[in-house]
Amino acid sequence: MTASALDLQGVARDTGARLTRAERDGLNAVLHWDQALLDAEASRVEQSRAGGPLRGVPVAIKDNIVTAEQPTTCGSKILEGYCSPYSATAIDRLRAAGALIAAKSNLDEFAMGSSTEHSAYGRVRHPLDPERVPGGSSGGSAALVAAGVVPIALGSETGGSVRQPASFCGVVGLKPSYGRVSRFGLVAFGSSLDCISTFGRTVRDAGETLSAISGPDPRDATTVDRPPIAVESMADLAGLTIGLPAEYFPADLHPGVAAALRETIEAVKALGARVREVSLPHSKYAVPTYYIVNPAEAAANLARYDGVRYGQRRIGPEGDIRALYRATRGSGFGPEVRRRILVGTYVLSAGYYEAYYRKAQQVRALIAGDFERVFCDGVDLLLTPTTPTPAFRAGEKTDDPVTMYLADIFTTAVSLAGLPAISIPAGRSDGLPVGAQLIAPLHRDERLIAVAGVVEGAIAGGAEVRR
Ligand code: GLN
């Protein structure tokens, strides 16, 4: 991953050339980049002493992570042209590690979506088939890594938004345990779920990137007091037990996904792991539970876009404060964002709070309890498909929000439980990448990365999906 010793201005120029080509090809994965800024990044690293694996490596940043030098729009009209006065902790740490902040990548508006079709700035194309979606909501970052524009990227996970696009695009997507990476400077969506997460073409690349940004941060009180995540490796899986949760292998699983997972299971066995079927009976409630908790938190977090404090301001015809809110929010937010605010406000309202929000919190505890039980019962990691199908066609699910939400069926339970998980490429189905998901117990991020590294080396498909 590291550029050779080290023509940083050359790295900046090459990255610019690749970004230009990606734009010309119509990928629509980038919202902002600037050659002068890239050159300045290269000069900054030249003068720094940063060593380590990220020195001189260009990184794409999902455009809901704030950077003081470029706008941060969250893929929304309401933040068009908005520039943060500070950068996220993750950005400061990438810079301290010598990385070049190369581009801000396209996303579903405020990270709400599973296809990157909900961006106010147009949809992102799948690098292998422009008719298909790259997944979402971090589809821009996933597509840029898959297309070879940048080797690594940051995304954000609330319910699967890094693992799912990684699976669709044939790259690695790594979500840490909740609290291992600071959320300071990640635009809040579902605060009890949000995790900055990483993409790479290999487990090591995604792991080193996570390692660089992880660790406690006094500016985010939900970070846990543990050292940065270390990237470790393992020779084989001898002595480990891998659980296969029955609920994640339904009879109607897409045949290409089922075949890729069968091969992955065989590979895991060949590496010396014991494989055991287990049950996570409450995972079937993960999508409905997530789509109560998430909109509730989103509705609260998005109240700040009021036309006064941030971004766009529209003065309504009546000229009073209510008209300002109505006009600003009515024109600034797209349909999916409005839907979440409506659902979230409803489930938190006095008459429905007990029936929906409190119930969802209780089910969330049951979902997390299932994982705890299997991990206490001798299972070291779980293996599942990342998504129920390979990348779907653009437009296929945009008219039916519930079908779109079901694209997250294998990722949301993990998010509700706050666990670390990774999607690694596990082969192809009709030419489209399929991802396998590994899930580890809370704060076993190191073991997750080590196991994923061994499995990656053993399964078909490889990590390279370049054009
Ligand atoms: N697709 C899920 C949603 O729309 C997950 C989003 C995410 O992880 N940011 O909420």
Test: Val257 is surrounded by 18 or more Cβ atoms within 10 Å (Cβ to Cβ), touching a residue at least 60 places away in the same chain (Cβ under 8 Å) and not polar (S, T, N, Q): yes
When the stretch 200-231 is checked residue by residue, the ones that are among the acidic types (Asp, Glu) and open to solvent by 30 Å² or more (accessible area, probe 1.4 Å) are Glu208, Asp225
Within the stretch 397-420, of all residues that are in contact (Cβ under 8 Å) with a residue 60 or more places away in the chain and farther than 18 Å from Asn294 by Cβ, the one least open to solvent (accessible area, probe 1.4 Å) is Pro420
Scanning the stretch 270-292 for residues that are open to solvent by 20 Å² or more (accessible area, probe 1.4 Å) and small (Gly, Ala, Ser) gives Ala270, Gly272, Ser279
Just one listed residue, out of Ser197, Ser192, Ser177, is among the hydroxyl-bearing types (Ser, Thr, Tyr) and either near the ligand (Cβ under 9 Å from one of its atoms) or surrounded by 24 or more Cβ atoms within 10 Å (Cβ to Cβ) (or both), and it is Ser197
Taking the conditions exactly as written (modelled with pLDDT of 95 or more, surrounded by fewer than 20 Cβ atoms within 10 Å (Cβ to Cβ) and within 30 Å of Ser167 (Cβ to Cβ)), does Pro295 satisfy them or not? no
Counted residues in the stretch 1-35 being more than 23 Å from Gly75 (Cα to Cα) and either not in a loop (DSSP other than H, G, I, E, B) or not acidic (Asp, Glu) (or both) come to 14
Note on the stretch 315-349: residues of a type outside the set (A, V, I, L, M) and open to solvent by less than 50 Å² (accessible area, probe 1.4 Å) are Gly316, Thr328, Gly330, Gly332, Phe333, Gly334, Glu336, Arg340, Gly344, Ser349
Within the stretch 78-119, residues being of a type in the set (S, T, N, Q) and over 30 Å from Ala394 (Cβ atoms) number 3
Flagged in the stretch 114-124 as near the ligand (Cβ under 9 Å from one of its atoms) and either at pLDDT below 95 or open to solvent by 10 Å² or more (accessible area, probe 1.4 Å) (or both), in numbering order, are His118
- Looking only at the stretch 305-321, decide whether some residue is part of a helix (DSSP H, G or I), of a type outside the set (Gly, Ala, Ser) and in contact (Cβ under 8 Å) with a residue 12 or more places away in the chain. no
Residues of the stretch 68-78 being away from the ligand (no atom under 16 Å from the Cβ) and buried (at least 24 other Cβ atoms within 10 Å of the Cβ), in sequence order, are Ile78
Inside the stretch 4-30, the number of residues satisfying the requirement of being over 25 Å from the mean Cα position of the chain (by Cα) and among the basic types (Lys, Arg) is 2
Quiz item: Quick one: would you say Arg125 is among the basic types (Lys, Arg) and over 12 Å from the mean Cα position of the chain (by Cα)?
Solution: yes
Apart from one, (1) of a type in the set (A, V, I, L, M); (2) within 20 Å of Glu117 (Cβ to Cβ); (3) away from the ligand (no atom under 16 Å from the Cβ) all hold for Val363; the odd one out is (2)
By residue number, the members of the stretch 136-172 that are in a loop (DSSP other than H, G, I, E, B) and near the ligand (Cβ under 9 Å from one of its atoms) are Gly136, Ser137, Ser138, Thr158, Gly159, Gly160, Ser161, Val162
Conditions (1) at pLDDT 95 or above; (2) over 20 Å from Val171 (Cα atoms) -> Gly200 fails only (2)
By residue number, the members of the stretch 43-56 that are part of a helix (DSSP H, G or I) and surrounded by fewer than 22 Cβ atoms within 10 Å (Cβ to Cβ) are Ser43, Arg44, Glu46, Gln47
The residue that is surrounded by the most Cβ atoms within 10 Å (Cβ to Cβ), considering only those in the stretch 421-446 that are among the charged types (D, E, K, R) and over 30 Å from Gln362 (Cβ atoms), is Arg428
Item to complete: Answer with yes or no whether Thr384 is surrounded by 17 or more Cβ atoms within 10 Å (Cβ to Cβ), of a type in the set (S, T, N, Q) and away from the ligand (no atom under 16 Å from the Cβ).
Response: yes
message: Condition check: crowded, with 24+ Cβ neighbours inside 10 Å and more than 16 Å from the ligand (Cβ to nearest atom). Does Pro127 satisfy that?
response: yes
Residues of the stretch 284-322 being more than 16 Å from the ligand (Cβ to nearest atom), on the phi < 0 side of the Ramachandran plot and in contact with a Ser or Thr (Cβ under 9 Å, 6 or more places away or on another chain), in sequence order, are Tyr305, Asp306, Val308, Gln312, Arg313, Arg314, Ile315, Gly316
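The values are calculated or read from the model by the stated rules, or taken from the named source; none is laboratory data. Everything numeric here is computed off the predicted structure, so don't read it as measured data. As a convention, Cβ positions derive from the backbone with ideal geometry for all residues, glycine included, and neighbour counts pool all protein chains shown. SASA here: full protein model, heavy atoms, side chains in, ligands and nucleic acids out. Shrake-Rupley method; radii C 1.70, N 1.55, O 1.52, S 1.80 Å.
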